[in-house]
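The values are calculated or read from the model by the stated rules, or taken from the named source; none is laboratory data. Here the structure is a predicted model, which means the values were calculated and not measured. Ideal geometry is used to build each Cβ from the backbone, glycine not excepted, and the neighbour counts take in all protein chains shown.
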Amino acid sequence: MHTAWRCPDCGPVSPLHVAEHIGPEIVASTIERITVDRGSTDPDTPGSGARATPSVPLWCPWPLPPGWTMTGVGWAGDDRGGVRATAVACSGPTPLGGGPADLVLVAEEPGVGLGTRLAGTAGPDPGPQLNEAITEPGPGHPERVAHAKVRAAGHPTPLWAVKSPTDRSAYAGEARGIWLYAITWPASAGYLLAEDVDLHDLTEWTPPELVFGAPSPYLHGKV
């Protein structure tokens, strides 16, 4: 008998929770869930003056690209270990035209595997692939040039392409000491990250102008 969630291939895993719908109330409840009490700043008075601190960022493009909406939110973890990963889905027009596009942003602690699952790659972390991309940039790239660059909470954040199925593009990097993934469908939607994309942590402030759309099938694992 095991009390932890288990994958037949990977062993113990953090259960994934995805809201069936999306809206201001769903985002607010998710933020409340992923915000944990870190305790008092005064060690002699436990609980006194305790302040809620987010355990993992909830990254969302803000402002949203023209025509884009937020289409899903989720988190991975349990009551014992707390929230170890978060995910936000957005949808909008393909940067190069030709139909709709989807973007899922994942922030996760090492070893969770949510980002690699959505990216369609093996293993719990992108470390080996990132190491290869950084140490062997390839012909014509004598320097370690990132494949995409975003700003996470105002800080320049390089992202590197990782192997994924041909129906999507997947990028990974690090922000605030944990993994950051950006996965897009179709693969050409990865050009969105070639533009100026600012990522905002919704646990710090949720813009009242945030626009919501139909639930993302990718975050729900239906595609």
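Do you know which residues across region 152-190 are without any contact (Cβ under 8 Å) to a residue 40 or more places away in the chain, buried (at least 20 other Cβ atoms within 10 Å of the Cβ) and not small (Gly, Ala, Ser)? Of everything in region 152-190, those that are without any contact (Cβ under 8 Å) to a residue 40 or more places away in the chain, buried (at least 20 other Cβ atoms within 10 Å of the Cβ) and not small (Gly, Ala, Ser) turn out to be Leu159, Trp160, Tyr171.
Only a single item in (1) over 19 Å from Pro215 (Cα atoms); (2) at pLDDT below 95 is not met by Thr94, and it is number (1).
Could you check region 65-81 and list, in sequence order, the residues that are under 22 Å from Trp179 (Cα atoms) and buried (at least 19 other Cβ atoms within 10 Å of the Cβ)? Steps first, answer last, please.
Pass one, region 65-81, residues under 22 Å from Trp179 (Cα atoms): 70-81.
Of everything in region 65-81, those that are under 22 Å from Trp179 (Cα atoms) and buried (at least 19 other Cβ atoms within 10 Å of the Cβ) turn out to be Met70, Thr71, Gly72, Val73, Gly74, Trp75, Ala76, Gly77.
Filtered by the rule that a residue be part of a helix (DSSP H, G or I) and surrounded by fewer than 23 Cβ atoms within 10 Å (Cβ to Cβ), region 82-117 gives a lone residue, Arg117.
For region 191-223, the set of residues classified as surrounded by 15 or more Cβ atoms within 10 Å (Cβ to Cβ), part of a helix (DSSP H, G or I) and among the hydrophobic types (A, V, I, L, M, F, W, C) consists of Leu192, Leu193, listed by residue number. State yes or no: is Thr157 within 14 Å of the chain's Cα centre (by Cα) and either closer than 25 Å to Pro24 by Cα or β-branched (Val, Ile, Thr) (or both)? Considered against the rule, which asks whether it is within 14 Å of the chain's Cα centre (by Cα) and either closer than 25 Å to Pro24 by Cα or β-branched (Val, Ile, Thr) (or both), Thr157 comes out as yes.
Any residue in region 128-151 that is at pLDDT 95 or above and either among the charged types (D, E, K, R) or at positive phi (or both)? Yes - at least one qualifying residue is present in region 128-151. Leu180 falls short on exactly one of the conditions (1) over 16 Å from Pro65 (Cα atoms); (2) assigned to a strand (DSSP E or B); (3) touching a Cys at 6+ places or on another chain (Cβ under 9 Å), and that condition is (3).
Results for (1) over 14 Å from Pro61 (Cα atoms); (2) of a type in the set (Val, Ile, Thr), shown as yes or no for each residue.
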{"residue": "Val145", "(1), (2)": "yes, yes"}
{"residue": "Val150", "(1), (2)": "no, yes"}
{"residue": "Ser169", "(1), (2)": "yes, no"}
{"residue": "Gly173", "(1), (2)": "yes, no"}
{"residue": "Arg176", "(1), (2)": "yes, no"}
{"residue": "Trp179", "(1), (2)": "yes, no"}
{"residue": "Thr184", "(1), (2)": "no, yes"}
{"residue": "Thr203", "(1), (2)": "no, yes"}
{"residue": "Glu209", "(1), (2)": "no, no"}
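Would you pick out the residues in region 158-214 that are under 23 Å from Ala19 (Cβ atoms) and of a type in the set (Asp, Glu)? Within region 158-214, Asp201, Glu204, Glu209 qualify.
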